[in-house]
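The values are calculated or read from the model by the stated rules, or taken from the named source; none is laboratory data. From a predicted model like this one, the values you see are computed outputs, not experimental measurements. Cβ placement follows ideal geometry from the backbone for every residue including glycine, while neighbour counts extend to all protein chains displayed. Calculation scope for accessible area: heavy atoms of the full protein, side chains included, ligands and nucleic acids excluded. Shrake-Rupley method; radii C 1.70, N 1.55, O 1.52, S 1.80 Å.
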Amino acid sequence: MAGQGVQAVGKFRELLEELLQEAEAAKPNGLIEPPLNKDDLGDISERVNSVFLPVTSPEVRKRSQYAVVETAARDTFNDLLATTTIDTPEFMKLWHLLDIISILSDDEQCDPALYFWLVEELLDSQTIAACRKVFDFLESRRDIITAKQFQSKQLVILRSCNELLRRLSRAEDTSFCGRVFIFLFQSFPLGDKSSVNLRGEFHTENTTVFDENASKGSDSQTMDVDTEMKVNGSMLKVPPKSIDRANGSAGSAKDVEPLTADKLYPIFWSLQQSFSQPKTLFEKEPFDRFKTGVEATRVMFQAVQNQSSSRPTRSPPSYDSKRGTKRKRGEGDDDLANAFNPKYLTSRDLFELEISDLSFRRHILVQVLIVVDFLLSLSAAAKEKLAKAEPANPNKSVMYEKQVLSEDDTKWAEATKSSVLDLLKLGLDGPHFHRMVESVIARDKNWVRWKIENCPPITKPAIAPEEYVSVKNDARKATTNKRLRLNPLGSLNLRFLTENNAEAGLERLKDPSRYQIPSVKSFKSKMELDDMDIEMAQDGSEEKSAAVESKASKSWRALRIASASKLVAFDKIERSDSIDEVFLDHVKVKEPVANTEEESAEVPIYPKDRRPIILAGPSGVGKSTLLKRLIAKYPKILKRKVSHTTRAPGAGEVDGKDYNFITKETHTIMRDGDQFLEYNCYNGNDYGTSRKLVESIIAENKVPLMEMEYHGIQQIKDNGFDARFIFIAPTNMAELERRLRSRGLQDDEEIKGRLKIAEDEIQQSAVEGSYDKIFINDDLDATYDILEDYIFNHTVQGEEQNGEVSEAQ
Ligand code: ADP
Ligand code: 5GP
């Protein structure tokens, strides 16, 4: 038996050699892509079968075949590994060998895990640089090698990836670590528990060491003097020493002086301990220290930020004119990725440099946000919300049932979160960075919730056809009226046709009252008769109620008929038993007159460029007025996207028409559920564009018209949403204020806030590439005309416009 086995291994090795030669012939170009195909290797199944003797039990045959294939494959693999190196063309043979094993594995000719056993050995035998190449190969084959029999492979995949991660330095091989993680996440099903930190353990070994007594050179003697830092070639001043604050409050950083760098240094670095062990904050003393530390850091960051933005050589931080908004996606990410080092250099000498670096500050602020969010999940409100959801089988280890954040601490955490988020908005690409962080944190809440619910399966099983049919029948039954009418609703009474004299019956079918809709007026006299009956009948008598019912039925029918042509009269009807208004002639509705070229035309004339149109511009400049005019004139072509907002309705504004007025809570639910195409907080209120609304307008074959401020525009541009961006500018600020007031706004603070934002918006509109077109809304009619002309006649390639149009530079 053993002899047979050895013989079979020899034979199989020969077969492998042949297959490798065929692979080389099939892919002579020496490129890794594409993977070998089963057809490249002749009748591989047949040839493998011929190596093994038929054995009675398929189980025995399978076991011995797997052992033989494994031994032969390992021998060939080891030979190749010993004789070639990864950067030589001969190494291609090893890639071929892996491809062949993958084909055999899919064909159930070898152990499904064999492929990854070999990969594990390969990774073990290579340097980190070479492991990158192995990973290039694995990534190129990921779909194929994980498609079948994943259960048998997952353990070894996890083991080899973890082993590799252990070898990698998180600091130097950050992106490679990321690739390994991504490989794992893409291979394992979403929600696989093997990748979940079910017990909510923190990475407590991650300690940051620093010199608690360090001070910088002569700084200790010149503590009251400004410290200067050199940043990007220009000098940045660390603000002078200030009074120590015992307990931080997240008030405006403008009111509070920052600490000196020497004083901040130990406070700042000791925050790292709380970041890596948030559970220590359950104790009062560490929590107080944490609050002081966060506060001092925030104040310093704000001061550094203010100084760097006010340096005259630079344009406003978020809108660096050189970069413009046409910055390619990823450029900034590269900057950040390069600047970020996960293990900190904590030397006191580097401290000023570090905190003057925007990406370093952002990194720390994000850490603060994560911990503050964790703390907020312990607030009474959050606990109450969770209790309402009542997860069936909760995972208590991530619930911290006994810890509840006090009311004061909750207020502090909320204020800190909001001011840290504001800080994140500042600096280069700030709004973009802020949005990204906010989205990630919002999504993370869903994952935490899922973990609390003990990771229920994410994929729902498909509904069985029988189940579908039975539910459909039940629904039909539930909605069907069981009481059968003598004449089904809406059909004529045809019983007279069964009467003896059939011909007379047929004659009666020709009676116009059977097929013509009666005139509204025909009900008038009949209802007057009913009125007489009602008056004459005794109160409470059967006659009286029959007459009332008869009148009600007639007035209902009269109203239904009138609704098609006299809807306007309905406004004037005050009582349901007096509908005389619909019988009057003077309330005839004016026939809609085709007053535009577009409406009278059979086929609507669409804009030459049918991309959605986005109007931006300061509040009060006239966007809604212009939009409403366009929609009124082109109802079949253009449709306004009604935004969602948490602000209160203004004078005359109608819910669902001017805005969808929603609560803050609904906004959060919509935002977390990814229902917004974009969203932003404007002057203290949230605004957002429902993805569904825009899709439905496009589905109606209409061009969406949208109003949006520039952060929202930035978001949709970042997401690759294609549209025409038009900026409506005011003639001057005084006129803008006048229009805001004319719109019904009275609150001076509110107006001041809007005018301040307007200044930023106008400044931003001057940045190259921000808008496709800018119009100054001086005279409304003239602006409308050029806007209409631009929307309908401007082609995608662009034609020069004449008139009062100022082209965006
Ligand atoms: P927005 O939608 O941009 O906030 P609105 O369309 O509500 O602005 O306009 C604000 C006010 O200004 C409204 O009272 C509107 O009638 C008025 N308005 C709009 N355009 C002009 C214009 N060109 N000249 C004078 N008033 C205008
Ligand atoms: P207002 O309160 O004056 O109606 O609107 C305030 C600002 O919000 C205006 O600049 C308006 O263009 C903008 N806005 C209206 N709807 C949306 C929206 O859906 N998304 C975004 N980002 N801004 C909007």
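Below, the figures for the structure above:
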read-out	value
Arg560 - accessible surface, heavy atoms, 1.4 Å probe, Å² rounded to 10	150 Å²
Karplus (6.51, -1.76, 1.60) ³J(HN,Hα), θ = phi - 60°, over segment 389-399, in Hz, Gly and Pro reported as x	6, 6, x, 5, 10, x, 8, 5, 5, 10, 9
Segment 2-187, accessible area per residue, ligands and nucleic acids excluded (1.4 Å, Å²)	50 Å²
Segment 2-187, relative contact order [Cα under 8 Å, separation at least 6], %	21 percent
FRET efficiency estimate (nearest 0.05) - Cβ-Cβ, Arg691 to Asp781, R0 45 angstrom	0.80
Of all accessible heavy-atom area on segment 2-187, the percent that carbon and sulfur account for (1.4 Å)	53 percent
Low-density loop positions, trypsin sites (Lys or Arg not before Pro), segment 638-690 - DSSP coil, at most 15 other Cβ in 10 Å	Lys657
Check: segment 2-187 dipole with +1 on Lys, Arg Cβ and -1 on Asp, Glu Cβ, in debye	620 debye
Whole-percent carbon and sulfur share, accessible surface of segment 335-438, 1.4 Å	58 percent
Cα Rg over Rh - segment 522-583, Kirkwood	1.02
Which of Arg495, Arg443 is most accessible, then next, and so on - probe 1.4 Å	Arg495, Arg443
Dipole magnitude of segment 608-807 about its Cα centre (Cβ charges: Lys, Arg +1; Asp, Glu -1), debye to nearest 20	780 debye
Residue-normalised accessible area of segment 522-583, given per residue in Å² at a 1.4 Å probe	70 Å²
Separation of the Asp288 and Gln516 label points, Cα + 7 Å toward Cβ, nm	9.3 nm
Long-range amide H partners of Asn395 with built H, under 5 Å	Glu453, Asn454
Computed label-point distance, nm, for sites Asn446 and Leu421 using a 7 Å Cα→Cβ extension	1.7 nm
Separation in nanometres of the label points that stand 7 Å from Cα toward Cβ, at Thr85 and Leu509	9.8 nm
Point-charge dipole on Cβ atoms (K/R +1, D/E -1) for segment 522-583, about Cα centre, debye to 20	480 debye
Heavy atoms of Arg476: accessible area, 1.4 Å probe, square angstrom to 10	140 Å²
Most to least packed among 542-549, 615-622, 91-98 [average Cβ atoms within 10 Å]	615-622, 91-98, 542-549
Sequence of Phe433, Phe290 from largest to smallest accessible area, 1.4 Å probe	Phe433, Phe290
Placed amide H near Arg724: partners under 5 Å, 5+ positions off or other chain	Ile613, Ile614
Net lengthening on full extension, Gln277/Ile463 (0.36 nm per residue, minus Cα-Cα)	62.5 nm
Karplus (6.51, -1.76, 1.60) ³J(HN,Hα), θ = phi - 60°, over segment 158-172, in Hz, Gly and Pro reported as x	4, 5, 5, 5, 5, 4, 5, 4, 5, 7, 7, 8, 5, 7, 8
Under the Karplus curve 6.51 cos²θ - 1.76 cosθ + 1.60, θ = phi - 60°, whole-Hz ³J(HN,Hα) for segment 763-772, x wherever Gly or Pro sits	4, 5, 5, 7, 6, 3, x, 5, 10, 7
Cα lying deepest toward the dipole's positive end in segment 669-759, options Thr731, Met708, Leu745, charges on Cβ	Thr731
Portion, in percent, of the accessible area of segment 522-583 that falls on carbon or sulfur, probe 1.4 Å	51 percent
Global geometry of segment 626-747, whether rounded, prolate or oblate, following the gyration tensor of its Cα atoms and the 1.5 cut on a/c	rounded
Three-way shape call for segment 2-187 based on the alpha-carbon gyration tensor, with the a/c threshold at 1.5	prolate
Listed residues Met532, Ser565, Val582: farthest to the positive end of the dipole of segment 522-583 (Cβ charges)	Ser565
Long-range HN-HN contacts of Ser379 with modeled amide H, under 5 Å	Leu405
Ordering of 712-722, 76-86 by burial proxy (mean other Cβ atoms within 10 Å per residue, highest first)	712-722, 76-86
At R0 = 45 Å, FRET efficiency that the Cβ-Cβ distance of Ser470 and Ala552 yields, to 0.05	0.65
